[in-house]
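Notes follow once the structure below has been shown.
Nothing in this text is a laboratory measurement; each read-out follows from the coordinates by a stated rule. This is a predicted model, so every value here is computed, not measured. Glycine also receives a Cβ, built like all others from the backbone with ideal geometry; neighbour counts cover every protein chain displayed.
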Amino acid sequence: MTAQHRDAGVPDASLGLDDPPAIAGVGMTEFASADDRPLIDLLLAAAERALDDAECDASTVDSVHVGNMAAEAFNERSGLANALTGSLGLTGVTARRIENTSASGASAVQSAFEAVAGGHSTHALAVGGEKMSSADTATATEIISRITHDREYEQGVTLPSFGGLAAAAYLDAYDADRRDLARISVKNHANAAKNEYAQFRKRIDVDDVLDSPAVASPLRLYDCCPTSDGAAAVLITAEPTPNAVSVAACESATGTHAVADRTDPLEIESVRLAGEYAYESAGFGAEAIDVACIHDAFSILEWLEMEELGLAPEGDAWRLTRDGETALDGALPVNPGGGLKARGHPLGATGVSQVVELVWQLRGDLPEGRGVDGAERGLAVNVAGFGNNAVCTLLEADA
Amino acid sequence: MTQLLECRECGRRTYYEKRRCLECGGSAFDRVDAGRGELRSVTTVHVTPEGVREPNRLGLAAFPGGANVVAQLDEGLSIGDAVRLQGGHDLRVTDDGTLRGARLVAVE
C-alpha cells in the first residue's frame with residue numbers, strides 16, 4: 001500500500017520563520033481513574049499550569065486549541081473551547097475544538113504548531129482533556145468501539161480485540177513469548193511509580209500481568225491502558241524563550257479505517273507515514289532520538305509502533321524490551337512517564353501529556369531517577385483508533 | 001456479506017466498501033465470491049459490548065486478492081487453518097434490531 005498524497009514532499013514547516021515554534025511552558029493534572037472536577041475545570045487547571053510554567057500571562061495567548069474526543073457522550077456537553085477561553089478571561093482570540101478520537105490531544109498540538117508556524121498566532125495554547133469516569137464501563141466501551149468501521153462494529157470488534165489479534169500474530173511470527181510482552185507493562189509501571197502525575201504509581205512484575213484477567217487473548221488486563229480523567233496543556237510560541245524546547249516537526253497521517261484493509265496485520269501505516277513526514281520535516285531521523293513516548297494503549301502497540309518508526313528493526317522491538325534497552329537507563333528509553341498503560345489514558349489529554357513528558361525530559365528538570373540523562377531529541381506518537389490516524393511530534397532541546 | 005469487492009483495474013480485493021481502490025485508485029468494482037482464506041490471527045475477547053456474544057472469538061483471515069477480514073470465528077480453529085465466510089449469522093443485537101452477517105468457519 002502506498003500513500004496517495006503528498007507526493008510533492010513535505011512542505012517546510014517553518015514557513016519563513018527564523019526559528020521553529022517553541023514550547024514555552026507545559027502542565028498537566030494528575031491523571032486519575034476518577035477526578036471529581038468537571039471536565040472544563042480539568043482543562044483550566046492544565047492550562048493555568050502551562051501558563052505558569054511559561055511565566056506568561058493568559059492575556060498573551062492569541063489562539064486556543066482544545067483536544068477532546070467525546071465530551072458529548074461522556075459528559076453531555078460541547079463548546080469546550082469557548083468555555084475554556086471564557087474561564088481564562090479571554091476574548092478576541094481564535095479558539096476551536098479538535099476531535100481525532102484517541103489522538104485528539106496530539107491533533108490539538110498540531111493545530112497550535114501550525115498556527116504558530118504559519119504566522120497566524122504568536123502564543124498558541126493546546127489543551128487536551130477527557131473525563132471518562134462519568135460513564136460506566138459498558139457505556140465507555142460502546143463509545144470507544146463506535147469509532148470502528150461499520151463492518152467491524154457489526155462483528156462486535158472492540159479496540160482490545162485488534163490488540164489481541166496483533167499480539168497473537170506477533171508472537172506467532174517472531175521468537176518473542178508472552179512473558180516478553182508482559183515486560184512492556186512491567187517497565188511502564190516502574191516508570192510511572194516515579195511519576196507524580198501517573199494514575200498507577202505501583203510497580204508490578206511479569207507474573208502480575210500473566211495472572212490478571214483475560215481481556216482479548218493473549219492480552220490481559222495489565223496489557224491494556226485504563227480509562228482515566230485528566231488534562232494536559234502546552235504553550236507554543238513563535239519566539240523562543242529561555243528554557244524553551246523547539247518543535248522540530250509535528251506531522252500526521254491517516255491509515256485505513258478498517259484495520260483488516262492493511263495487507264499485513266502487524267502493519268500500522270499511519271504511524272510509519274507520520275514518522276516519515278516528521279523525520280523529513282525535522283531533518284533528522286530515528287537514529288537521533290534519545291527518548292520516545294509511544295502510544296501503548298495495548299502493550300503490543302509499543303513494539304509495533306517502534307518498528308514502524310524505525311526505532312527498532314522489524315520483528316526486533318521485543319528484544320530491546322527484554323534486554324532493557326527501552327528502560328529509563330537503557331539506550332532508548334520508551335515511555336519514561338509510564339505510557340498510556342500506567343500514566344493513564346484520558347483520551348483527548350494523552351497526546352498533549354506525551355509532549356509535556358518530553359519537554360520535562362529535554363529540559364532536564366526532573367528529579368534524580370525520573371529523567372533520561374542528557375536527552376536532546378524526543379519523539380511522541382499519538383494514535384487514533386487502532387491506527388486510523390497518527391500524529392508524530394519531534395522535539396529538540398535548544399543547544 | 002460473503003462477497004468481496006474486486007477492483008476492475010488492478011484486481012485488488014477488499015471486504016470493506018469504499019470509493020477508491022487502495023492499491024491503484026480505481027473506482028469500478030465487481031462483486032466476487034471470497035473463496036477460501038487462511039487464518040492469520042485469532043483472539044478470544046472476554047470483555048464485549050452489550051449485545052455481543054461473550055466470549056467473542058474473532059479471526060483475521062487473508063483471502064485471495066489481498067483482502068483481509070476480521071470476523072467472528074468458529075471454535076477449534078487456529079492460525080494457518082483454511083476458512084471461508086458463511087453468511088446468515090446473528091452477530092450483534094442493537095437498539096435498532098439484530099445485525100446479521102458473515103462469520104469465519106472451517107472449510108470442510
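Annotations
- Close pairs (6 angstrom Cβ cut-off, 6 or more residues apart or separate chains): facing another protein chain (nearest Cβ under 7 Å) in segment A:150-179, assigned to a helix (DSSP H, G or I) and hydroxyl-bearing (S, T, Y) anywhere: A:T158/A:S145
- Among the residues of segment A:117-162, those identified as aliphatic (A, V, I, L, M) and under 22 Å from A:V66 (Cα atoms) are A:A117, A:A124, A:L125, A:A126, A:V127, A:M132, A:A135, A:A140, A:I143, A:I144, A:I147.
- When the criteria are applied in full, A:D205 fails the requirement of being under 26 Å from B:L104 (Cα atoms), out of contact with any Cys (no Cβ under 6 Å at 6 or more places or on another chain) and without any contact (Cβ under 8 Å) to a residue 24 or more places away in the chain.
- Of the residues screened, A:L266 is one that is under 30 Å from B:G65 (Cα atoms), touching a helix residue (DSSP H, G or I) at 6+ places or on another chain (Cβ under 7 Å) and crowded, with 21+ Cβ neighbours inside 10 Å.
- Only one of the numbered conditions (1) basic (K, R); (2) within 8 Å of chain A (Cβ to nearest Cβ); (3) crowded, with 19+ Cβ neighbours inside 10 Å; (4) over 22 Å from A:H257 (Cα atoms) is not met by B:R84, and that is (2).
- Counting the residues of segment A:292-331 that are in a loop (DSSP other than H, G, I, E, B) and crowded, with 19+ Cβ neighbours inside 10 Å gives 10.
- The test for being within 9 Å of chain A (Cβ to nearest Cβ) and either touching a residue at least 60 places away in the same chain (Cβ under 8 Å) or over 25 Å from A:G163 (Cβ atoms) (or both) holds for B:G25.
- Restricting attention to segment B:28-57, the residues that are crowded, with 18+ Cβ neighbours inside 10 Å, more than 9 Å from chain A (Cβ to nearest Cβ) and assigned to a loop (DSSP other than H, G, I, E, B) add up to 1.
- Given (1) assigned to a loop (DSSP other than H, G, I, E, B); (2) in contact with a Phe, Trp or Tyr (Cβ under 9 Å, 6 or more places away or on another chain), index of the condition A:N195 fails: (2)
- A:Q110 meets the conditions (1) closer than 29 Å to B:Y16 by Cβ; (2) within 14 Å of chain B (Cβ to nearest Cβ) in every case but one. The failed one is (2).
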